[in-house]
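Worksheet: the structure to be examined is printed underneath.
The values are calculated or read from the model by the stated rules, or taken from the named source; none is laboratory data. Note that the coordinates shown come from a computational prediction; the quantities given were computed from them, not determined experimentally. Neighbour counts are summed over all protein chains in view; Cβ atoms, including those assigned to glycine, are modelled from backbone coordinates with ideal geometry.
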Amino acid sequence: MSRWVVFMAVSMFIFAQDQPLGIGKPANPEEIARWNITVYPDGKGLPVGSGNAQRGAKIYAEKCAECHNDKGEGRQAQYPALVGGRGTLATNNPVKTVGSYWPYATTLFDYIRRAMPYNHPHSLKTDEVYSVSAFVLFLNGIVDDKQELNQSNLSSVAMPNRNGFVRSSK
């Protein structure tokens, strides 16, 4: 009997049980609130805090450059580039980076906050996330190095591909 057949038989047995398995426990409202950190394109869900690219450069060098290289160019076949690719999306070889593809700066903040650094996700403080976001946006020529990003203005950052996911009626 193949491993797949055994796996399926055991899975069907487990899911067919009427009795709880006694694994885990229901999350309480406080636990749910700690993990309910979604940030929406309009900025809803952004926490209070701030940062700029100058501060972000130092944090990026310590916690991000190992994977994404010093200027966000990525490491070939390992970690993606964060910078470059403008004007390539309609070509045969599109380069999808934060600066060429991502439609919202708030998505960058949300992703960094919940998933970076890769080896220690959810470890950056709020101001560090704002600062690293600002640095990545700066590397892409979207904000200047002194522009302070915060919960009030991050959603207004004009990303180059902001309208790239909306079909034109023309």
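The listed residues are Leu82, Leu46, and the only one of them that is part of a loop (DSSP other than H, G, I, E, B), crowded, with 18+ Cβ neighbours inside 10 Å, touching a strand residue (DSSP E or B) at 6+ places or on another chain (Cβ under 9 Å) and at pLDDT 95 or above turns out to be Leu46.
Can you name every residue in segment 56-74 that is touching a strand residue (DSSP E or B) at 6+ places or on another chain (Cβ under 7 Å) and without any contact (Cβ under 8 Å) to a residue 24 or more places away in the chain? His68, Asn69, listed by residue number.
Residue count for segment 55-79 under the criterion of being at pLDDT 95 or above and among the hydroxyl-bearing types (Ser, Thr, Tyr): the result is 1. Taking the criterion of being more than 20 Å from Asn69 (Cβ to Cβ) and within 14 Å of the chain's Cα centre (by Cα), the only residue of segment 130-153 that qualifies is Tyr130.
Hey, does segment 65-74 have a residue that's surrounded by fewer than 16 Cβ atoms within 10 Å (Cβ to Cβ) and within 17 Å of Leu149 (Cβ to Cβ)? For segment 65-74, residues surrounded by fewer than 16 Cβ atoms within 10 Å (Cβ to Cβ) and within 17 Å of Leu149 (Cβ to Cβ): absent. Of the candidates Thr106, Thr88, the single residue that is in contact with a Ser or Thr (Cβ under 9 Å, 6 or more places away or on another chain), of a type outside the set (A, V, I, L, M, F, W, C) and within 20 Å of Asp127 (Cβ to Cβ) is Thr106. Every condition in (1) within 17 Å of Glu62 (Cβ to Cβ); (2) surrounded by fewer than 19 Cβ atoms within 10 Å (Cβ to Cβ); (3) charged (D, E, K, R) holds for Glu128 except the one numbered (2). Taken over segment 109-134, the criterion of being aromatic (Phe, Trp, Tyr), over 12 Å from Gln54 (Cα atoms) and assigned to a helix (DSSP H, G or I) is satisfied by Phe109, Tyr111.
Let's see how each residue does on (1) modelled with pLDDT of 95 or more; (2) under 28 Å from Trp35 (Cα atoms); (3) among the β-branched types (Val, Ile, Thr):
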residue	(1), (2), (3)
Asp110	yes, yes, no
Asn119	no, yes, no
Leu137	yes, yes, no
Asn140	yes, no, no
Lys146	yes, no, no
Ser152	yes, yes, no
Ser155	yes, yes, no
Ser169	no, no, no
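Among residues of segment 118-143 that are at positive phi, those with a Cβ under 8 angstrom from a residue that is in a loop (DSSP other than H, G, I, E, B), sequence gap 6+ or separate chain, pair up as Gly141/Gly99. Among the numbered conditions (1) of a type in the set (S, T, N, Q); (2) surrounded by 10 or more Cβ atoms within 10 Å (Cβ to Cβ); (3) modelled with pLDDT under 90, the only one that Asn52 does not meet is (3). Residues of segment 149-167 that are in a helix (DSSP H, G or I) and crowded, with 19+ Cβ neighbours inside 10 Å: Leu154 alone. Restricting Ala115, Ala53, Ala105, Ala77 to residues that are of a type outside the set (Phe, Trp, Tyr), closer than 22 Å to Val39 by Cα and without any contact (Cβ under 8 Å) to a residue 24 or more places away in the chain narrows the list to Ala115.
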